Structures are given as structure tokens and as C-alpha cells.
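Here the structure comes first, spelled out in C-alpha cells, and everything after it is commentary.
All of the numbers you see were taken from the coordinates with simple rules; none came from a lab. None of these values were measured; they are calculated from a predicted model. As a convention, Cβ positions derive from the backbone with ideal geometry for all residues, glycine included, and neighbour counts pool all protein chains shown.
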Amino acid sequence: MDAESEPRPGRTRKPIGWSTIIIAALVAVSAALVWRRDGTSGVLEILTHDLSLFGGILPRVLAGCLLGAFISEILPHEKVSRSLGPKSGLMGLLIGTAFGAILPGGPFTAYPVASALLAVGADFGATIAMVVSWTLIGYGRAVAWEIPIMGTDFTLWRIVISLPLPVLAGALGRFVYVRLYPKPAAKDDET
Amino acid sequence: MSAALLIDILLWGSVLGVGLIAFRRGPPVFKASLREGSMDFVNIVPRIALGVIGSGYIAAIIPQEVITGWLGPDSGWVGVATAVVAGAATPGGPVIGFSIGTVALKSGGGVPQVVAYVVAWALFAFQRVILWEIPFMPARFVWFRCAVSVPFPFVAAAIAMVIGKP
């Protein structure tokens, strides 16, 4: 166990994994198809639009990364593994669900924070509950997009239907995980 | 106040809050997390760039009409299954996803099917997985989470069938 006052050693990340290669191939094929259909101007039009989108997103990505890093530094390791770890039971799934539901911001916060939780001892089950809860019952997207477009009635009704899903998904995740990886899996960050 | 501004205020407010807690643990902790966060940012930027810039091209070759066509009046579990595939395949952000759902509702799509579509889209729309989840999280976790999530749009549709319309 590491002392809580000492900064933890940095996580190592491989910059390029299989997922990145697959995505790059997908993008290359799509760009080629767009080029064949719309010519160079079509390719450039999408490029400028997406570059401006990218510029707008960058500060939020930085905020998300800092949030994740601070959270993984200040959360006490053994407390997290106790309340969100593999043996945390239903309570861990409920805490993950509650956390996902109240988390502010968009994907640029949810995923860095979820990644930080994994790094400080939450198990796949609790982290799945958190991510699924953020996406299905979190208020951020519902207030910003779903209510204006789909209406309040549908949105609230859809959220009520979704209420049990994060805990169920987390439980299923835990159930499958211990059968897929019977031994405590080695820590790996990228496949 | 626009929603985007509100999100930014909440976001940076949270960063400030946890940053303050880290700072009170001592400057080494604060500096280490600052460095860690910046390194994460530097490592993630190329992948986000690939996702953001690339997803425009992927969206351009999957026309919205194709997705809307899949959400036809086909009722029952076949309709639900089609809706789940449509949700996963929907390119673009929340505006497109929810608009397709609204169009489907108005043009006679069944409510359980639209619920399945919205839930599937929220859980594993390929573009969000590629653009956001994979760059930030261990890939093994992401694939595992997506696989585990597959039954839940069906569960949501079943609940919708039982409890009825909104």
C-alpha cells in the first residue's frame, strides 16, 4: 500500500494500440469514399468543420484530464477499493450509479474520471455502473439535448425505464468478469 | 446562459475544487497530479484528433436517411433488434441521435422500439465509443463494457412494453 501523501507513479500509456489502428483504417477508408463522391472540396469542407470542432473541444479535454488526475490522486486508494472494488457488492454498484448520475460535464469528464476510478481500485462492475449511469440517467445530456428535442414526457419516462439498468449492467459485468478472468488480472492499460 | 457555458463553468469549477483539495494535501501531490493530467492530455490529443476529424468522414458515408429507414414501423422484437443496430450505427452527436428518435416516433415507429434505439445509442453508438471512450479508457474495459451493455436496450424495450406509453 502506498502512503497517501506521496504522489503515485504515473500511469504508462501506449500511444498506439489496435483500437487506434482500426479507427485510423476506418477513417482512411471513409475519407477516400468521401473523396470519390464529393472530390477534394468535399474532403476539405469536412476537415475545416471538424478542425474547428476539435479546437472547441480541446480546453474541455484538458479540464477532463486534470479532473481525472486530481481525483485519482486525492481519492484514498484502499477506501475506493473497499467501496467500489470487486468485493463491494450491491453497495458498490449503487455508489457507482449515483456517482455517474451526478457527474457534471460531458464525455470529456465522464471517461477520464471513470479511468481514474479504475486506476485507484474500482473494479469493472462498479465502473460499468458509473459509465452506464452517466450515459442513461445523467442529467447533462438529458437537459441539454434530450428534453429540447424529444420532449420532457418522453425523456422523464425513458429515464424512469433506465433507472435499474446501471446496476444490472454493473452486476452482469462483474458476473462475466470473474468468469472470464478467474485470477486477478494483470494491470494492463491497452490491448 | 447557454448550456455550453454552464457545462464549462461546472467543469472548470469541479477541476478547481478537486485541485484545491489536492493542493491542501501538499505541493508535491498537486504538482504530480498536474503533471499527470497534462501528460494524459498530451497523450490523448492525437487520438481525440483522429476521432473528431475522422468521425466527420465516417458520418458522411452513413447518411441519416439510412438510419431513419431502419426505424420503420416494424413492430415487435425484430423491430427492437433493428432499432438496437440503428442506435449503434448512428453517426454524429446527440442532436442527430435524438432527432432520429423524434422522427421515428412521429412517423409511426413503436415506442418500445424508439426507447431501444435511444438506449442503444446512449450505450454504444460507435462514434462516441471511438471518439471518446477508447482514447480515455483502457481499450479492454471499453470492449468489455460494450459487450456487457448489449442486452440492456432489449431490457429497456421490455420494460416499456410492460409499463406502457409515457
**Q.** Calculated FRET efficiency for the pair B:Lys31/A:Arg179, C-beta based, R₀ 51 Å, to 0.05
**A.** 0.75
Q) Which residue fluctuates the most in chain B, going by a Gaussian network model with Cα springs under 10 Å, if the choices are B:Ala120, B:Ala156, B:Ala32? A) B:Ala32
Q: Please find the FRET efficiency linking B:Val78 to B:Lys165, where r is the Cβ-Cβ separation and R0 is fixed at 22 Å, and quote it to the nearest 0.05.
A: 0.60
**Q.** Equivalent ellipsoid semi-axes, the range B:1-61, via Cα gyration tensor eigenvalues times 5, rooted, Å
**A.** 31, 19, 5
Q: Based solely on C-alpha atoms, express the radius of gyration and the Dmax of the protein assembly as shown in angstrom.
A: 20.2, 61
**Q.** Compactness relative to 2.2 N^0.38 Å, alpha carbon Rg of chain B
**A.** 1.28
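Shape verdict for the range A:95-166, please, from the Cα gyration tensor: rounded (a/c under 1.5), prolate (a/b greater than b/c) or oblate.
Note, shape of the range A:95-166 comes out oblate.
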**Q.** Highest-fluctuation residue, A:Tyr181, A:Tyr139, A:Tyr111 considered, GNM on chain A with Cα pairs under 10 Å
**A.** A:Tyr181
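What area, in nm² and to one decimal, does the C-alpha convex hull of the range A:61-180 cast on average over all directions?
On the way: hull surface 29.5 nm².
The directionally averaged projection comes out at 7.4 nm².
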**Q.** Relative contact order %, the range B:74-150, counting alpha carbon pairs below 8 Å whose residues are six or more apart
**A.** 37
Q: Identify which of A:Gly140, A:Gly17, A:Gly125 has the largest mean-square fluctuation in a Gaussian network model of chain A, with springs joining Cα atoms closer than 10 Å.
A: A:Gly17
